[in-house]
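Scroll down for the structure; my scribbles are underneath it.
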Amino acid sequence: DAKTTQPTSMDCAEGRAANLPCNHSTISGNEYVYWYRQIHSQGPQYIIHGLKNNETNEMASLIITEDRKSSTLILPHATLRDTAVYYCIVSALYNFNKFYFGSGTKLNVKP
Amino acid sequence: NAGVTQTPKFRVLKTGQSMTLLCAQDMNHEYMYWYRQDPGMGLRLIHYSVGEGTTAKGEVPDGYNVSRLKKQNFLLGLESAAPSQTSVYFCASSYPRRAAGAQETQYFGPGTRLLVL
């Protein structure tokens with residue numbers, strides 16, 4: 001599975017959009033991009049995933065570049081409860097859904 | 001639905017002791033996984049199972065054994081605990097790929113905090 005690179009930490013003002021980048025330059029054609037978050041050592045929580053098209057759900061939007069080498073998770077109106085570690089994961093279609101987590105990005109939402 | 005549950009929530013062991021961590025899921029998922037998370041780091045895959053009676057090694061399998069005798073349960077065993085196994089252990093489960101081109105998500109339990117002295 002392709003490795004991912006994320007900034008160690010980011011700050012965001014409450015009510016503003018949080019844009020979390022992820023680099024996955026070695027991604028292959030059958031690998032999906034997943035985003036999970038982990039709030040204060042709880043079990044990771046699924047946010048969104050995509051293959052090549054942009055995706056949106058009730059939690060967030062996922063923007064994947066045309067060459068698929070990077071992506072951005074967008075939380076449109078960050079709240080204090082969105083403070084968490086956000087993991088970008090690349091997982092191949094035929095590998096039994098195995099995930100390889102990096103260190104993630106610690107998002108600090110400030111009042 | 002309880003989702004994914006883990007037992008116990010917290011445990012302290014002495015070096016050389018053994019224990020079993022239990023993971024249970026009520027979503028009828030085929031796939032189950034055990035991860036460990038050390039302080040300040042991401043999760044690392046220990047073992048996984050793609051069905052009842054089958055298990056396979058992940059990234060960091062040494063020192064652990066697993067069993068999947070029932071579809072809903074996935075057990076992680078430490079035969080002789082070492083301080084290096086002090087960690088938080090997370091279990092997860094997912095469906096296999098159910099449709100062409102589809103990908104499935106993993107659902108995680110709340111974790112078991114293990115301290116080995």
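The values are calculated or read from the model by the stated rules, or taken from the named source; none is laboratory data. It should be emphasised that the depicted structure is a prediction, and the values quoted were computed from it without experimental measurement. As a convention, Cβ positions derive from the backbone with ideal geometry for all residues, glycine included, and neighbour counts pool all protein chains shown.
Which pairs do you get when a residue that is more than 12 Å from every other protein chain (Cβ to nearest Cβ), found in region A:21-42, comes within reach of a residue that is β-branched (Val, Ile, Thr) and surrounded by 13 or more Cβ atoms within 10 Å (Cβ to Cβ), reach meaning Cβ atoms under 6 angstrom, with the pair 6+ apart or on two chains?
Qualifying pairs under 6 Å: A:21/A:72; A:22/A:4; A:23/A:5; A:24/A:4; A:24/A:90; A:27/A:90.
Return a yes/no flag: does region B:14-29 have any residue that is in contact with a Leu (Cβ under 6 Å, 6 or more places away or on another chain) and of a type in the set (D, E, K, R).
yes
Any idea which of A:5, A:56 is loosely packed, with under 14 Cβ neighbours inside 10 Å and in contact with a Gly (Cβ under 8 Å, 6 or more places away or on another chain)?
Working: A:56 fails: in contact with a Gly (Cβ under 8 Å, 6 or more places away or on another chain).
That would be A:5, the only listed residue that is loosely packed, with under 14 Cβ neighbours inside 10 Å and in contact with a Gly (Cβ under 8 Å, 6 or more places away or on another chain).
So is residue B:95 surrounded by fewer than 19 Cβ atoms within 10 Å (Cβ to Cβ), within 14 Å of chain A (Cβ to nearest Cβ), closer than 28 Å to residue A:32 by Cβ and aromatic (Phe, Trp, Tyr) or not?
Details: surrounded by fewer than 19 Cβ atoms within 10 Å (Cβ to Cβ): yes; within 14 Å of chain A (Cβ to nearest Cβ): yes; closer than 28 Å to residue A:32 by Cβ: yes; aromatic (Phe, Trp, Tyr): yes.
Yes.
Could you say which residue among B:32, B:41 is within 11 Å of another protein chain (Cβ to nearest Cβ), closer than 28 Å to residue A:103 by Cβ, out of contact with any Phe, Trp or Tyr (no Cβ under 8 Å at 6 or more places or on another chain) and not hydroxyl-bearing (Ser, Thr, Tyr)? Even if it seems obvious, please write down each step before you answer.
Working: B:32 fails: out of contact with any Phe, Trp or Tyr (no Cβ under 8 Å at 6 or more places or on another chain).
Among B:32, B:41, only B:41 is within 11 Å of another protein chain (Cβ to nearest Cβ), closer than 28 Å to residue A:103 by Cβ, out of contact with any Phe, Trp or Tyr (no Cβ under 8 Å at 6 or more places or on another chain) and not hydroxyl-bearing (Ser, Thr, Tyr).
If we scan region A:77-92, do we find a residue that is under 13 Å from the mean Cα position of the chain (by Cα), assigned to a loop (DSSP other than H, G, I, E, B), farther than 21 Å from residue B:107 by Cα and more than 9 Å from chain B (Cβ to nearest Cβ)?
no
At pLDDT 95 or above, in a strand (DSSP E or B) and either more than 25 Å from residue A:51 (Cβ to Cβ) or within 14 Å of chain A (Cβ to nearest Cβ) (or both): is that true of residue B:66 in this structure?
Values: at pLDDT 95 or above: yes; in a strand (DSSP E or B): yes; either more than 25 Å from residue A:51 (Cβ to Cβ) or within 14 Å of chain A (Cβ to nearest Cβ) (or both): yes.
Judged against the criteria, residue B:66 is a match.
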